[in-house]
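Encoded as structure tokens, the structure appears first; notes follow it.
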């Protein structure tokens, strides 16, 4: 017993070091889950509040106002379109599932206040949260195409996992022939995302459009994800190695729209 | 009084990190993390575990900011643990120094050695834990080299300008 205590006293610093490192690794392991806690991320009120101020400083006074008006108008127009589609549905027979999943969707405009593109796990923070009826797992798009999925929500802010996050996968399909694949990002270049699970018999060419599949309730079908930049097929491979360029330019991302789907058609992807 | 001054310094350095240096990165390779300046220049404490707790707290703040729970904590605790060991190896009669650790208080050569080793270690831990992937080791290596060079340049030029 005496020996043990002496041992502990002698190496107490090293033991504390080990304990703190173990705590850090436990935190890392738990944070690699898909969903984040809002308090321990940049969706936190204080962090997001400060980020909000710094982005506001960067905005030109007039430009900001104009952009805000435009995005609001855009969202309103999209809501109008959905309403029209709803009305049309009563008269027109539905012949496609993709079309069906477009219904009962609402777009909530939001501003990007925090954004990284240089890490393996990139995130963006937006200035809408619980009180704007945003929930975890909602899809986020922008004018050009898909942005990501909401992963944590606080009172006023939310954390979004974009396509350029190594653990993010989105179901998508080739626009011209409807083959389903999924996205995968390997880090480094935010302008290069891989498209997986396209088998070798499929006809793929450079410049093909890739859109959301509409198989999940996160994104309606037919929203642009990217365009095929290169596709390779080595002997013995069953699947293509496809690189695509996301239509969303993350560096320039300023305003986004969160998709609120009022009806769930299918089980959500993890 | 001494403590209040240190807390003020910490807040200033953290503010500079998140408001300025976080936006200064060069593509995805150069990402200076100058906030470790606080942990490197902290006066030597009698109780070494207090230093590690401070490292833990600073890491936690950075982690919340970057939504990367645990990564900065692991790196900061590691350099807080290693700093006293390094200093007692480089500098004789380390107990004499009550001031902040700096080029003038412990000698420029020793300070440069200390800064280089701690910065590279910290950056290597941060980038490899962030990647969490053996396959991307060369990305981690490049990120570490370029970012460390930037951070070391900024920390040493601060020491000279002071």
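The values are calculated or read from the model by the stated rules, or taken from the named source; none is laboratory data. Note that this is a predicted model, so its numbers are computed, not measured. Every residue, glycine among them, receives a Cβ derived from its backbone with ideal geometry; neighbour counts consider all protein chains shown.
If you go through region B:132-147 one residue at a time, do you hit one that is within 10 Å of chain A (Cβ to nearest Cβ), more than 13 Å from the chain's Cα centre (by Cα) and under 19 Å from residue B:22 (Cβ atoms)?
The answer is yes, given that some residue of region B:132-147 is within 10 Å of chain A (Cβ to nearest Cβ), more than 13 Å from the chain's Cα centre (by Cα) and under 19 Å from residue B:22 (Cβ atoms).
Looking at (1) more than 19 Å from residue A:165 (Cβ to Cβ); (2) touching a residue at least 12 places away in the same chain (Cβ under 8 Å), which is the only condition residue A:195 fails?
Among (1) more than 19 Å from residue A:165 (Cβ to Cβ); (2) touching a residue at least 12 places away in the same chain (Cβ under 8 Å), the lone unmet condition for residue A:195 is (1).
Please tell me if residue A:26 is within 14 Å of chain B (Cβ to nearest Cβ), modelled with pLDDT of 85 or more and not in a helix (DSSP H, G or I).
Values: within 14 Å of chain B (Cβ to nearest Cβ): yes; modelled with pLDDT of 85 or more: yes; not in a helix (DSSP H, G or I): no.
In short, no.
Against the definition (out of contact with any helix residue (DSSP H, G or I) (no Cβ under 7 Å at 6 or more places or on another chain), at pLDDT 90 or above, within 14 Å of chain A (Cβ to nearest Cβ) and not in a loop (DSSP other than H, G, I, E, B)), how does residue B:16 come out, yes or no? Lay out the reasoning, then the answer.
On the way: out of contact with any helix residue (DSSP H, G or I) (no Cβ under 7 Å at 6 or more places or on another chain): yes; at pLDDT 90 or above: no; within 14 Å of chain A (Cβ to nearest Cβ): yes; not in a loop (DSSP other than H, G, I, E, B): yes.
So residue B:16 does not fit the description; no.
Taking the condition within 9 Å of another protein chain (Cβ to nearest Cβ) and within 21 Å of residue B:122 (Cα to Cα), does residue B:101 pass? It would help to see each step written out before you state the result.
Values: within 9 Å of another protein chain (Cβ to nearest Cβ): no; within 21 Å of residue B:122 (Cα to Cα): yes.
Judged against the criteria, residue B:101 is not a match.
Filter region A:222-237 for residues that are touching a strand residue (DSSP E or B) at 6+ places or on another chain (Cβ under 6 Å) and part of a loop (DSSP other than H, G, I, E, B) and give the result.
Start the filter on region A:222-237 by keeping residues that are touching a strand residue (DSSP E or B) at 6+ places or on another chain (Cβ under 6 Å), which leaves A:222-232.
Correct list: A:222, A:223.
Which condition number does residue A:168 fail, the rest of (1) out of contact with any strand residue (DSSP E or B) (no Cβ under 6 Å at 6 or more places or on another chain); (2) closer than 26 Å to residue B:66 by Cβ being met?
Status for residue A:168: all satisfied but (1).
Please find, within region B:25-44, the residue that is farthest from the other protein chains (Cβ to nearest Cβ) out of those that are surrounded by 13 or more Cβ atoms within 10 Å (Cβ to Cβ) and modelled with pLDDT under 80.
It comes out as B:29.
Residue by residue, here is whether (1) in contact with a helix residue (DSSP H, G or I) (Cβ under 9 Å, 6 or more places away or on another chain); (2) within 30 Å of residue A:56 (Cα to Cα); (3) modelled with pLDDT under 80; (4) assigned to a helix (DSSP H, G or I) holds:
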{"position": "A:81", "(1), (2), (3), (4)": "no, no, no, yes"}
{"position": "A:87", "(1), (2), (3), (4)": "no, no, yes, yes"}
{"position": "A:94", "(1), (2), (3), (4)": "yes, no, yes, no"}
{"position": "A:99", "(1), (2), (3), (4)": "yes, no, yes, yes"}
{"position": "A:110", "(1), (2), (3), (4)": "yes, yes, no, no"}
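Criterion first (modelled with pLDDT under 90 and more than 9 Å from chain A (Cβ to nearest Cβ)) does residue B:48 satisfy it?
Numbers: modelled with pLDDT under 90: yes; more than 9 Å from chain A (Cβ to nearest Cβ): no.
It is false that residue B:48 is modelled with pLDDT under 90 and more than 9 Å from chain A (Cβ to nearest Cβ).
Just a yes or no: is a residue in region B:40-55 part of a loop (DSSP other than H, G, I, E, B) and in contact with a strand residue (DSSP E or B) (Cβ under 9 Å, 6 or more places away or on another chain)? Talk me through it step by step, then tell me what you get.
Looking only at region B:40-55, we keep the residues that are part of a loop (DSSP other than H, G, I, E, B), and these are B:42-47.
Next cut, in contact with a strand residue (DSSP E or B) (Cβ under 9 Å, 6 or more places away or on another chain) only: none.
No: region B:40-55 contains no residue that is part of a loop (DSSP other than H, G, I, E, B) and in contact with a strand residue (DSSP E or B) (Cβ under 9 Å, 6 or more places away or on another chain).
Restricted to region A:178-191, and to residues that are part of a loop (DSSP other than H, G, I, E, B) and more than 12 Å from chain B (Cβ to nearest Cβ), which residue is surrounded by the most Cβ atoms within 10 Å (Cβ to Cβ)? Let's see the steps before the verdict.
Narrowing region A:178-191 to residues part of a loop (DSSP other than H, G, I, E, B): A:178-179, A:185-191.
Okay, now just the ones that are also more than 12 Å from chain B (Cβ to nearest Cβ), so A:178-179.
Working: A:178: 11, A:179: 19.
It comes out as A:179.
All but one of (1) at the interface with another protein chain (Cβ under 9 Å from one of its Cβ atoms); (2) part of a helix (DSSP H, G or I); (3) surrounded by 21 or more Cβ atoms within 10 Å (Cβ to Cβ) hold for residue B:68, so report the exception by its number.
(2)
Pairs, please: C-beta under 8 Å, at least 6 apart or cross-chain, first residue within 18 Å of residue B:74 (Cβ to Cβ) and in region B:39-52, second outside any helix (DSSP H, G or I) and at pLDDT below 90?
Cβ pairs passing all conditions: B:40/B:101; B:51/B:42; B:51/B:45.
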